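The values are calculated or read from the model by the stated rules, or taken from the named source; none is laboratory data. None of the values given here were measured: they were computed from a predicted structure. In this analysis, Cβ positions are derived from the backbone assuming ideal geometry, glycine residues included, and neighbour counts consider all displayed protein chains.
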Amino acid sequence: MKRTRLRLIMTAGLMARIVFWVARTPAAHAQQQDERGAVVIELSVTDSKGHYIHGLQPKDFRILEDGIVQKLNSFAETGNSYNATYYPAQNANEGFRRIEVQIVSDTDKKYRVRHKVGYRPRSGSRA
């Protein structure tokens with residue numbers, strides 16, 4: 001009984017630490033589909049030394065979902081990351097959708113973009 005209780009307390013403490021760590025870590029990028037079917041991506045851009053790049057605009061990014069270019073509906077810089085939202089273009093893929101984010105102006109590939117690589121569409125979404 002005491003062992004079970006101790007394990008439960010330790011597990012709860014560990015879970016709380018993990019949730020706190022993920023919530024405050026910039027690399028913990030959210031990516032999900034909201035209730036309207038929009039895909040929300042949190043991404044960060046760093047240089048070769050790991051310094052965050054600020055001041056990028058929507059025109060600097062190209063977002064592809066399963067190779068199909070997507071039109072951004074909203075874009076915002078939030079601290080060391082950017083939030084981009086789009087409604088997926090028609091896509092027959094009902095399974096995992098792969099997302100690629102490119103920086104159009106970065107022809108020398110000096111920057112590194114970090115984001116989750118894809119998502120599973122919600123059933124009943126627009127796309």
Check your understanding: Can you tell me how many residues in segment 66-97 are in a strand (DSSP E or B), of a type outside the set (S, T, N, Q) and more than 16 Å from residue 37 (Cα to Cα)?
Key -> 6
Review point. Does segment 72-85 include one or more residues that are at pLDDT below 90 and closer than 22 Å to residue 119 by Cα?
Key: no
Review point. Would it be correct to say that residue 50 is assigned to a loop (DSSP other than H, G, I, E, B), modelled with pLDDT of 90 or more, exposed (fewer than 12 other Cβ atoms within 10 Å of the Cβ) and not polar (S, T, N, Q)?
Key: yes
Point to revise | Residue that is surrounded by the most Cβ atoms within 10 Å (Cβ to Cβ), among those in segment 69-121 that are within 19 Å of residue 48 (Cα to Cα) and among the aromatic types (Phe, Trp, Tyr) | key: 82
**Study point:** Those residues of segment 86-127 which are at pLDDT below 90 and touching a Leu at 6+ places or on another chain (Cβ under 8 Å), in sequence order
**Key:** 115
